Amino acid sequence: MPRHKTKSLQRVIPGDRLYNSVLVQKVINRVMLDGKKQLAERLVYDGMQKAADKLKVKNPLEVFEQAMKNIQPHMETRSRRVGGANYQIPFEVKGQRQTHLTIMWFVQASRDRKGISMVDRIAQELVDAYNNTGNAVKKREDTHKMADANRAFAHFARF
């Protein structure tokens, strides 16, 4: 048993400039390449605005938050070795990991769309996620299906 409780090493990320949202700032940081934050900000903000215009919604932040909520995973599988065999054991996704997976899947799905500008890619992925379609939502569905298929091994999980 440890003698002292360790301090949390989580970085505190301030909200973004326009909406004062921590989630938007995290997406901007993930989109950013080579330290070009202003370019990443412009890409994300313009993408959010285009998505809101396409969906005829006044507030781009509403579209963004609903899209992220639709991508958010609730279950995932982790590999565990039990008695010489590897099992995929379903676990609930909580807190920071849930946010991290959501952002990673969204940015990866946006980058995988080829042939158009990054602003349009972000806008299209936001619209698709808002409507519960698109690659990021498909990734969440696949993860949930995998967890559901391996529900029989849930008794191997230790909490």
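The values are calculated or read from the model by the stated rules, or taken from the named source; none is laboratory data. From a predicted model like this one, the values you see are computed outputs, not experimental measurements. For neighbour counting, all protein chains shown are included, and Cβ atoms are generated from backbone atoms with ideal geometry for every residue, glycine included.
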Given the criterion in a loop (DSSP other than H, G, I, E, B), modelled with pLDDT of 95 or more and of a type outside the set (Gly, Ala, Ser), identify the matching residue among 61, 23, 33, 9.
33
Scan 130, 45 and give me the residue that is surrounded by 13 or more Cβ atoms within 10 Å (Cβ to Cβ), within 15 Å of the chain's Cα centre (by Cα), within 16 Å of residue 24 (Cα to Cα) and among the hydroxyl-bearing types (Ser, Thr, Tyr).
130
With respect to residue 33, is the statement that it is aliphatic (A, V, I, L, M), within 22 Å of residue 108 (Cβ to Cβ) and exposed (fewer than 14 other Cβ atoms within 10 Å of the Cβ) true?
yes
Regarding residue 109, is this residue touching a Gly at 6+ places or on another chain (Cβ under 9 Å), assigned to a helix (DSSP H, G or I) and of a type in the set (Gly, Ala, Ser)?
yes
